[in-house]
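All remarks here apply to the structure that follows.
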Amino acid sequence: MMVQMDVSWLRVLLDNISSYLSLSSMEGLLHSNPAYEYYTRGEDISKLLMPVLENLIDSDAAPSELLNNGFEELSQYCDELRDQFQSWQPLSTRIFYVLRIESLASKLRESSLEVFQLLKHCEQHLPADLLSPSFEECIELVKLVAREEISTTIDQALKDQKKGVGPTLEVMLKIAKCVGLRSNQEILIEGVVLSNMKETAEITDNDTEAEYLDGLISLTTRMHDYLTDIKHAQLRCPVRVPSDFRCSLSLELMTDPVIVASGQTYERVYIQKWIDMGLMVCPKTKQALSHTTLTPNVIVRAFIASWCETHNIYPPDPLVLIQSSQPFPLLVESGSGDDSSGGTVLDESLKSERASSLDAEELHQIFNRSASAPGIVSDVFSKTRRSNNAASGALTRSNIPWKFPEERHWRQPGIISATIRETGSSSSIDPEVKKLIDDLTSSSLETQREATAQIRILSRNSTDNRIVIARCGAIPSLVSLLHSTDERIQTDAVTCLLNLSINNNNKSLIADSGAIEPLIHVLKTGYLEEAKSNSAATLFSLSVIEEYKTEIGKAGAIEPLVDLLANGSLSGKKDAATALFNLSIHHENKTKVIEAGAVRYLVELMDPAFGMVEKAVVVLSNLATVREGKIAIGEEGGIPVLVEVVELGSARGKENATAALLQLCTHSPKFCNNVIREGVIPPLVALTKSGTARGKEKAQNLLKYFRAQKANQRRD
């Protein structure tokens, strides 16, 4: 439905894009962010959108309701992405954080595609300066923006893990790279976070979420095990170091082993650093630490000393390691400086044993920098809560050792629940939608009214909701309600279908549900003007798909669309004109549009008072490509108003009016003489100097045709 442009939303969108792009200038904000790759994706799209939006605000164009909804969605997604990047905490769960960012980046990409596609189909109504680069180029550029999703890799890894057939080292490295689990420290912290989340899920009897988290915990444990093997290969020891002799934090041979409250043994300086970070939980068992006393493990220390002496091995000095720039082992060493050939820590034997199929490029350069400085962590965690049974190490709800600030960033719907939803397991909105769909078939009109009104609200501004509503099976019920005798139900039902049709996949679902004829029924007999107008807008949305242009034309939509063009409200006239233009792209429909009498009304609507000059001109230009159209335009008095547009119209209007006049002049000498008598030559000359590229070309061709005709007359 064509409505007055909501400039305020466009300004909000521009402001949000500017704020998003400004993040790149904030030193350090993005450098350590595990989702930085997704920031660059959003940055590329934002830079494509900026000039289009700026030009649109400066123009007097009137985008459709679909476009305004798209702008509103883009604004929300851009704002959410910016908020997520600004609120990143180094000790938040990296996996769910990246999945959340990925989901938003994907929505931004798809929403941008929808907006550019709508702009492309409406470009005849828009100012010419909006079309450089063309919307087609913008669509292709957005499609080129990376869309590989790590969520798919994680889901497959969990499935393989459950079957006992993987995941491979290559997959482990890919996941670690994409979610920012670069060092042993980050892997262990992630395991602690996930364990805490799993415990909460179990307490709340959320078995599906607990199972999913358990799989991720196993995944991070495998990463730690792989890193342990890699570290052992790096040590170049002639014999394998017993696992009990190595610290789980440093992965090095211990020299000063100590026991913590959970009974586990670690290198003193490393576990002390862990505790100083505020992590009052055992890295291995994930149990709460009831105290921070570190007890020397003299027995293990003696065994290690004896083993080292036997094998002539000298363990590293932990004090030297802990003071290095990277005290915690990296899963893969990164290159230094600008050297892109940073070496992997895997030796050839480990490569052949565990990663025979691994691309060397995947092993090199997975991580670009060391882990975040641990000193920032001390203020992140809350104070430890202790109880009398804490000494046992049991992690209970009343004795959770710490929690993350900004908990909403990993517990809110859209992190866990959205991830599960994408795998088909759950959706927070599904129960509500299914209940509303059931209500659509209720015998109570009041219940139906409430259900259609609620679905209309849910589908208005949310891409996710549109997908869920369609997936839950709402479309057939909404289609059936197009025949409702209740004016409110009918209007809301057709508006719901209009909203759902924004999603390209839903277009096919709507058409395949037999919606075209019921939509035409509303177009003909709708109780409210809003229903007729939105029915026309829905038919336009469906006609974006080529095959439906023919189907809609054959089903009898053109005559009621022309009737709406003639007798409808102003918004109805605009929607009808837009739908007729799209349908008339298909050659078979052009004659039907002309025979239905559209040309007469289009000529009338070229009166500037209606605010529809450009819409009418672009349809006339389309119809002028067939013989019947040329004749109808000439007979209905179209020539004077087309010449007036060439002289006084917008750049796009001048272009289309000139194209129509060129068709008329080459068809009939009579029309050609009429065009010249209307004084078209001076504005055509001006157009050759200042019009759009296509406008200049058409003007030059028309002037050339006039000269040729004049030369022929002289010879005669």
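The values are calculated or read from the model by the stated rules, or taken from the named source; none is laboratory data. Here the structure is a predicted model, which means the values were calculated and not measured. Quick reminder, even Gly has a Cβ in these numbers, built from the backbone with ideal geometry, and neighbours come from all protein chains shown. Accessible surface is based on the protein model in full, side chains and every heavy atom, while ligands, DNA and RNA are left aside. Shrake-Rupley method; radii C 1.70, N 1.55, O 1.52, S 1.80 Å.
When the residues of the range 420-452 are narrowed to those that are small (G, A, S) and under 19 Å from V468 (Cβ atoms), which ends up modelled with the highest pLDDT?
Checking each candidate, the answer is A451.
Kindly establish whether S75 is modelled with pLDDT of 85 or more, more than 20 Å from V179 (Cβ to Cβ) and touching a Phe, Trp or Tyr at 6+ places or on another chain (Cβ under 7 Å).
Working: modelled with pLDDT of 85 or more: yes; more than 20 Å from V179 (Cβ to Cβ): yes; touching a Phe, Trp or Tyr at 6+ places or on another chain (Cβ under 7 Å): yes.
The answer is yes for S75.
What about S569, is it within 21 Å of Q117 (Cα to Cα), touching a helix residue (DSSP H, G or I) at 6+ places or on another chain (Cβ under 6 Å) and either in contact (Cβ under 8 Å) with a residue 40 or more places away in the chain or crowded, with 24+ Cβ neighbours inside 10 Å (or both)?
Numbers: within 21 Å of Q117 (Cα to Cα): no; touching a helix residue (DSSP H, G or I) at 6+ places or on another chain (Cβ under 6 Å): yes; either in contact (Cβ under 8 Å) with a residue 40 or more places away in the chain or crowded, with 24+ Cβ neighbours inside 10 Å (or both): yes.
Considered against the rule, which asks whether it is within 21 Å of Q117 (Cα to Cα), touching a helix residue (DSSP H, G or I) at 6+ places or on another chain (Cβ under 6 Å) and either in contact (Cβ under 8 Å) with a residue 40 or more places away in the chain or crowded, with 24+ Cβ neighbours inside 10 Å (or both), S569 comes out as no.
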Residues in the range 270-277: is at least one free of Cβ contacts under 8 Å to residues at least 24 places away in the same chain and either assigned to a loop (DSSP other than H, G, I, E, B) or surrounded by fewer than 18 Cβ atoms within 10 Å (Cβ to Cβ) (or both)? yes
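Being polar (S, T, N, Q) and open to solvent by less than 10 Å² (accessible area, probe 1.4 Å) is the filter here; which residues of the range 34-53 pass it? Steps first, please.
First, the residues of the range 34-53 that are polar (S, T, N, Q): 40, 46.
Listed by number, the list holds a single entry, S46.
Within the range 78-89, does at least one residue satisfy the condition of being closer than 30 Å to E614 by Cβ, modelled with pLDDT under 85 and open to solvent by 40 Å² or more (accessible area, probe 1.4 Å)? Give the derivation first.
Filtering the range 78-89 for residues closer than 30 Å to E614 by Cβ gives 78.
Cutting the leftovers down to modelled with pLDDT under 85 gives us none.
No: the range 78-89 contains no residue that is closer than 30 Å to E614 by Cβ, modelled with pLDDT under 85 and open to solvent by 40 Å² or more (accessible area, probe 1.4 Å).
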Can you tell me which residues in the range 232-249 are open to solvent by 30 Å² or more (accessible area, probe 1.4 Å) and either at pLDDT below 80 or polar (S, T, N, Q) (or both)? Q234, L235, R236, C237, P238, V239, R240, S243
In the range 537-548, how many are more than 24 Å from S569 (Cα to Cα) and surrounded by fewer than 22 Cβ atoms within 10 Å (Cβ to Cβ)? 3
Every residue in the range 649-690 that is under 48 Å from the mean Cα position of the chain (by Cα), among the small types (G, A, S) and open to solvent by less than 40 Å² (accessible area, probe 1.4 Å), please. G649, G653, A657, A659, A660
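Which of the residues spanning the range 149-168 are under 18 Å from D225 (Cα atoms) and outside any helix (DSSP H, G or I)? Spell out how you get there, then give the answer.
Going residue by residue through the range 149-168, those that are under 18 Å from D225 (Cα atoms) are 154, 157-158, 160-162, 164-168.
Listed by number, the residues that qualify are G164, V165, G166, P167, T168.
Just for the range 260-269: of the residues that are touching a Cys at 6+ places or on another chain (Cβ under 7 Å) and farther than 21 Å from K231 by Cα, which one is least open to solvent (accessible area, probe 1.4 Å)? Reasoning before the result, please.
Just the residues of the range 260-269 that are touching a Cys at 6+ places or on another chain (Cβ under 7 Å), to begin with: 260, 262, 264, 266-267.
If we keep only those that are farther than 21 Å from K231 by Cα too, we end up with 260, 262.
Numbers: V260: 10, S262: 26 Å².
Selected residue: V260.
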Restricting attention to the range 444-467, the residues that are among the β-branched types (V, I, T) and under 13 Å from S484 (Cβ atoms) number exactly 2
Any residue at all in the range 285-299 that's surrounded by fewer than 11 Cβ atoms within 10 Å (Cβ to Cβ), under 53 Å from the mean Cα position of the chain (by Cα), β-branched (V, I, T) and in a loop (DSSP other than H, G, I, E, B)? yes
Name the pairs whose Cβ atoms lie under 8 Å apart, with the first residue in the range 165-181 and more than 14 Å from S151 (Cα to Cα) and open to solvent by less than 10 Å² (accessible area, probe 1.4 Å), the second hydroxyl-bearing (S, T, Y) and part of a helix (DSSP H, G or I), and 6 or more positions between them or separate chains? L169/Y226; L181/T220
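Out of all the residues in the range 618-640, which are buried (at least 19 other Cβ atoms within 10 Å of the Cβ) and more than 44 Å from the chain's Cα centre (by Cα)?
Within the range 618-640, K630, A632, I633, G634, G638, I639 qualify.
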Filter the range 597-617 down to residues that are open to solvent by less than 10 Å² (accessible area, probe 1.4 Å) and closer than 21 Å to E559 by Cβ and give me whichever is farthest from the chain's Cα centre (by Cα). V599
Is it the case, given these coordinates, that A305 is of a type in the set (G, A, S), in contact (Cβ under 8 Å) with a residue 24 or more places away in the chain and farther than 26 Å from I154 by Cβ? no
For the range 517-528, indicate whether the set of residues that are out of contact with any His (no Cβ under 8 Å at 6 or more places or on another chain), in contact (Cβ under 8 Å) with a residue 24 or more places away in the chain, open to solvent by 20 Å² or more (accessible area, probe 1.4 Å) and under 19 Å from L118 (Cβ atoms) is non-empty. no
If a residue has to be within 12 Å of A579 (Cβ to Cβ) and within 28 Å of the chain's Cα centre (by Cα) to count, how many in the range 503-535 make the cut? 2
Return the pair list, or none, for Cβ contacts closer than 8 Å from residues in the range 627-649 that are hydroxyl-bearing (S, T, Y) to residues that are open to solvent by less than 20 Å² (accessible area, probe 1.4 Å), at least 6 apart or on different chains. none
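So for the range 22-29 (the condition being buried (at least 18 other Cβ atoms within 10 Å of the Cβ) and on the phi < 0 side of the Ramachandran plot), does at least one residue qualify? Explain how you work it out, then say what you get.
If we filter the range 22-29 for residues that are buried (at least 18 other Cβ atoms within 10 Å of the Cβ), which is where we start, we get none.
No, because not a single residue in the range 22-29 is buried (at least 18 other Cβ atoms within 10 Å of the Cβ) and on the phi < 0 side of the Ramachandran plot.
Residue-by-condition table, conditions (1) farther than 30 Å from G166 by Cα; (2) open to solvent by 20 Å² or more (accessible area, probe 1.4 Å); (3) modelled with pLDDT of 80 or more:
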| residue | (1), (2), (3) |
| --- | --- |
| V258 | yes, no, yes |
| I304 | yes, no, yes |
| S334 | no, yes, no |
| G337 | yes, yes, no |
| G343 | no, yes, no |
| S352 | no, yes, no |
| A360 | no, yes, no |
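Is it fair to say S508 is out of contact with any Gly (no Cβ under 8 Å at 6 or more places or on another chain), buried (at least 20 other Cβ atoms within 10 Å of the Cβ), polar (S, T, N, Q) and in contact (Cβ under 8 Å) with a residue 12 or more places away in the chain?
Details: out of contact with any Gly (no Cβ under 8 Å at 6 or more places or on another chain): yes; buried (at least 20 other Cβ atoms within 10 Å of the Cβ): no; polar (S, T, N, Q): yes; in contact (Cβ under 8 Å) with a residue 12 or more places away in the chain: yes.
Answer is no for this residue.
Give the residue that is most open to solvent (accessible area, probe 1.4 Å), with candidates limited to residues of the range 129-144 that are of a type in the set (A, V, I, L, M, F, W, C) and modelled with pLDDT of 80 or more. Spell out how you get there, then give the answer.
Within the range 129-144, the subset of a type in the set (A, V, I, L, M, F, W, C) is 130-131, 135, 138-139, 141-142, 144.
Right, trim to modelled with pLDDT of 80 or more and you get 138-139, 141-142, 144.
Working: C138: 1, I139: 8, L141: 77, V142: 0, L144: 139 Å².
For the range 129-144, the residue satisfying everything is L144.
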